[in-house]
Structures are given as C-alpha cells and as structure tokens.
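J.: Structure in structure tokens, see below.
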Amino acid sequence: MVLLLFGYALHYHRRLRIVKIQSDGAHEAMLEESRKPKVKSKQAHSQEEYEALQSFLRSISSTATLPPYVKGETYSSMRGVFNQCLITCAVLVLAAAAGHPIGFSAVALPQLENENSSMRIDEEMGSWIASIHSAATPLGSMLSGPIMEAIGRRRTLQVSTFPLVLGWILIGTAVHHAWLLLGRVVCGFAVGIMAAPSQVYLGEISEPRLRGLLIGTPFAAYSLGVLYVYALGGALPWRSVSFLCIVLPSLAFAVLCLSPESPTWLARRGRFHEAMAAMARLRGNPEIAQRELHELISAREKEKARGEETIRFFATVSRAPVLKPLLLINAFNMLQILSGSYIVIFYAVDIVKESGGSLSPHIVANASACTRLGVTMLACILLLKLTRRSLVMISGMGSAICTLALSLVLYQNAGSGLITPILILGYVAFNTLAFFLLPGLMIGELLPTKVRGLCGGYIFCVFNAVLFGFTKLYPVMKNSIGMSGVFCLFGSAASLATVVLFLLLPETKGKSLLQIEQYYQKPNILWVTRKKTADGQQV
C-alpha cells in the first residue's frame, strides 16, 4: 500500500506544472503594514507576536507573493511530493492500529460465545463488548479538539498511542468481563483522540491536487487494520490477537517523531520560522513554501483586521460560513451510520450467518475486509481522476441498490446459494467507495481553518455517540424487524444520504482550503444555486 501511494503520487506529480512565482507587491505591502505603529486595542497583536511576524516577513524574499495564476493553487517539487507521502505513511501506521479494535469484536465474540470458553458470554454481553468501544470514543473525540489546538496535530497523534497500547494490555490480560470491557473503553478513547487530528493533519500538510489521495489513504490503512485482526482471529485465540495489536501503535509513535508539525497550526500560533521550515520540507521548494505560507499569514491577518479572531468559539460556530459545512457533515454522518457502514464491520460474522448463503460466515467476513481494503485503495486513486461529487453519487446509489435488493431477497426467504454473500460484498464495495471515506475528507476540506481542530473533535464526538447507540440497539432491531428490515433501513438511509449530498456537497477537487472557505462565505446553500464564473475556477 505504501509503494502504491508513492507510485501514484509521483506519477500524478509529473502532470503538475511548476510555475515561476512572480512578485505582485503583496509581500512588500504586508511588510510595509507591519512597520506601522502598533495600535493598542483588543484586536492588536501581542508585542511578541508582532515582532515575530515582522522578523519573519523581513527574512523571506519578495517572491513570497501570490502567483499570476489561480489564487490558492499550490505546486510541489518531486522532493516535496515524496515528503508529503512519507509523512502520510506515518499516519497510515496509526490508522491501521485504529482499525484493530473495530474489527476485534467480530473475531472475539464467536470465540467467547463458545461453550468451552473460560469467559463465556451471552448475546447481551456480546452487544456490550461490540458497542462499548464506540461509547468511549466520543469522550476521546471531544478532548481531541482542545488537545490538538493546544499541543499541535502531530503531538496529539503521538499522545493517542499510549491509551491504545494500555487498552490492548488490559484486554489481553483480562480474567473477568469487566476488565475486557475496560480494555475496550480505553481503546475506544484512544481511537477517539486520533480520529480528527489525523484528518486535519493530512489536510493541512498536503497540496490541493494530492489532498484527496493523501486524506483517503488512512481509510485504506484502517481497512487493512481490520483485515489484520480478522486474519489473526481466524487462526489464533483472542488473547494472542490482542497482544499482537500492540505492535503498530508502538511503531506509529516512533515514526511520528520524524514528522513535522502542521505549518498551518504553527503559523496560527505565531511560530512563523518553524512554519516556514515545515512548509519548505513539505513543498520541496523554498519559494513555493514562502508563497503558500504568505497566503496563510495574509488570511490570518485579515481575520484579525475584521475582529473575527477574538470571537468566542460558539459564536464563531453559529456564523453561516462555519454552520453550513458543520450541519452538512453531521447530517451525512448520521445517515452514514444508519446506512450500516460500521454495523457490518462490528457484526460481520453474525450478519453473514443470519443472512444465510452457501459460504462460511468467516470466509465472507474476511472477504468483506479484503473488499473494503481493495476498494479503499481504488477510491484513493479515483479521487485523483474523478470529482468528489461523481464518486459520491456512484457510492450512494450502489449502496442503496445492493441493500434494498438484499432486503427483498431475505423477505422472500431466498437467502441461499451465492446471491446473499454477493450482495453483501457488493454493498461493502459501493459503500466503501465514497461513503466510508467522505467524513474524513469533509472534515479535512470543508471546515474553516480557525475551527477545524475543535469542530473536528466535536464532530467525531457526536458521530461516535450515535454510533454507540445504534450498535448497542442492533441486536434488538434485528430481533424486532429481522434481517430483511435491517437491510431495508440501510438502503433507505443510503438513498436519503445520496439526495442530501447531491443538493449540498460542493466540489472541492483541486481547490485550496482558502477557496473552499470563500465558497461558504457566499449566501448560497445549495450547490446548484452557486454563482458560477466564466473560467470555471469558482469552487
């Protein structure tokens, strides 16, 4: 997967134009503004920050200006692309580790339900073991926003590895159900901490034309982590699997030590020289790095000039440019949960067993994990070729068709042979193609810079709270409406999600984060009612 990431990024890079950056006077004007006497007000810089900005602007060359082509577009040298991919690989290791606890319940529950198990469980305890991971995740997600704003995106990812390792130790050494549940809680807390920072971090280090690929690859690693646990669970006891799950978090901590902090976070903290060093490493060219960092600082200064930086968090969230993407992301997250994306992972073996078919439930569960991994990798490649909206439409309609067809087959008691596993695998494939990747993409792209960290954490908090409730109620829902009704619900939610995204989701392929922010500053709500420009550069 890592080699594939490097190969496609470098292949795609050959098509990018490296243009000479010419001075348009913006840098000089900004430097001239910094020479003006400081005005004492609530919106003024602190003395240290003022002097840091002045020192930085004088240290960079006059080439750090906006280029004559489309505002906000960024190009990297081959070295820069290589560095972006290398840093993404560090996040991939942690993303794979995040997939371990998600897939663990699918392999542990059948073993624990066995009569010969030393910790035999019933269906009620099994539902707690499967769902309590998601109950703890919201707490980690809620804390991740303030943590990543305080100590940075990279350090937050490193911090998350400690509770993850502790959780697996508790699970592996558990002698009672309470210790097993506690281990699941600690693992869920860790996954909650790392979820938002990983998407925000990748969104802020990547250039616009590679952002879809780089943000999407953690989901491939996540699927690989699920498959890793499925494969181990088919051959080893669940205790052995839990101890083997310690390897990747430990490796991720070491690899992240070699990665730079997000230049966006550093710039917003007034650490301009560190931001410049990080940006130069990510873009591979000092002039390109200066241009992009200059753009970040300009946007930050405009916020301060408008007095927006001093607005409190909840007042900021209630403003239309923030509220519109926030509502869209949360609405889609709820519909994605109802479409069964994660239920099929948590209860993979049981769902296949209940649905019938001629294949072994374990074989189909492993096949679903392989399908999810393969399609995630394919989706990352397609994000370079196709627009976000077209990929979402294909994913939504395919998911709805497969689940509604499966519901009809089960309603007619025709769930035998190969038709049931084929429809389940088809649903997994279509759902993974865009629905599985979209929440992370939207957090990394749609949220404004000043609230991206905090809102990202709260979004994952709400997401996982609802996911816990839905996962816990799944056995009750299955017994009440049957598997036919369950898949009918999945299909209805997928259909509604497709309609919502068709109306509201903006096309962000190839657009800078600043351009996307500017789109939401306009009064339009529906994508079809947006103001289009003649050159087609409007987001």
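J.: Heavy atoms only, probe 1.4 Å: what % of the accessible area of segment 331-488 goes to carbon and sulfur, would you let me know? Don't skip to the end; give the middle numbers.
T.: Numbers: 3700 of 5030 Å².
Result for segment 331-488: 73 percent of the exposed heavy-atom area is carbon or sulfur.
J.: Normalized C-alpha radius of gyration of segment 165-269, against 2.2 N^0.38 Å?
T.: Values: Rg = 16.6 Å, N = 105, 2.2 N^0.38 = 12.9 Å.
It is 1.29.
J.: Determine the per residue accessible area of segment 152-213 with all protein chains present and a 1.4 angstrom probe, expressed in square angstrom. Before the final figure, lay out each step's value.
T.: Numbers: 1610 Å² over 62 residues.
That works out to 26 Å² per residue.
J.: 7 Å from Cα along Cα→Cβ at both residue 353 and residue 522: what's the point-to-point distance in nm?
T.: 5.4
J.: Now for a separate question. Write down the accessible area per residue of segment 235-390 in Å², having rolled a 1.4 Å probe over the full set of protein chains. It would help to have the intermediate numbers written out before the result.
T.: Numbers: 5940 Å² over 156 residues.
So segment 235-390 comes to 38 Å² accessible per residue, rounded to a whole number.
J.: Moving on. Modelling each spin label as a point 7 Å along the Cα-to-Cβ direction, I'd like the residue 120/residue 301 distance in nm, to one decimal.
T.: 7.3
J.: Could you please state, rounded to a whole Å, how far the C-alpha centre of segment 399-450 is from the C-alpha centre of segment 218-269?
T.: Taking the Cα centre of segment 218-269 as reference, the centre of segment 399-450 is 25 Å away.
J.: Still on this structure: Using a Debye calculation, one point per C-alpha and no hydration shell, please list log10 I(q)/I(0) for segment 452-512 at q = 0.18, 0.20, 0.22 Å⁻¹ in order.
T.: For the requested q values the scattering log ratios are -0.90, -0.98, -1.03.
J.: What does the accessible area per residue of segment 431-531 come to in Å², with a 1.4 Å probe and no ligands, DNA or RNA counted? Numbers along the way, then the final one.
T.: Numbers: 3290 Å² over 101 residues.
Per residue, segment 431-531 has an accessible area of 33 Å².
J.: Could you list, bin by bin from short to long, the percent of Cα-Cα pairs of segment 189-339 in 5 Å steps?
T.: Cα pair-distance distribution for segment 189-339, in percent: 2, 7, 10, 15, 17, 15, 13, 9, 6, 3, 2, 0, 0.
J.: Calculate the FRET efficiency for residue 480 and residue 529 from the Cβ-Cβ distance with a Förster distance of 30 Å, rounded to the nearest 0.05. Don't skip to the end; give the middle numbers.
T.: On the way: r = 41 Å, r/R0 = 1.38.
Approximately 0.15, to the nearest 0.05.
J.: Across 10 Å bins from 0, what is the distribution of all Cα-Cα pair distances for segment 254-403, in whole percents?
T.: Pair shares across the bins are 8, 21, 24, 26, 15, 6, 1.
J.: Taking the Cα centre of each part, how many Å lie between segment 461-532 and segment 87-164?
T.: Distance between centres, Cα-based: 23 Å.
J.: Between residue 179 and residue 419, what is the spin-label point distance in nm, taking each point 7 Å from the Cα along the Cα→C-beta axis?
T.: The modelled label-to-label distance comes out at 4.9 nm.
J.: Next question. Too long at a 24 Å Cα-Cα cut-off: which of 324/472; 324/385; 324/511; 353/472; 385/522?
T.: Values: 324/472 30 Å; 324/385 27 Å; 324/511 18 Å; 353/472 19 Å; 385/522 28 Å.
The answer is 324/472; 324/385; 385/522.
J.: Let me ask something else about it. Taking a temperature of 20 °C and a viscosity of 1.002 mPa s, what whole-number D in µm²/s does Stokes-Einstein yield for segment 93-146 with Rh from Kirkwood over alpha carbon pairs?
T.: Numbers: Rh = 12.7 Å.
Diffusion coefficient, whole number: 169 µm²/s.
The values are calculated or read from the model by the stated rules, or taken from the named source; none is laboratory data. The structure displayed is predicted, hence computed values, not measured ones. With ideal geometry, Cβ positions are generated from the backbone for all residues, glycine too; neighbour counts draw on all protein chains shown. Side chains are part of the model used for accessible areas, which takes the heavy atoms of the whole protein and leaves out ligands, DNA and RNA. Shrake-Rupley method; radii C 1.70, N 1.55, O 1.52, S 1.80 Å.
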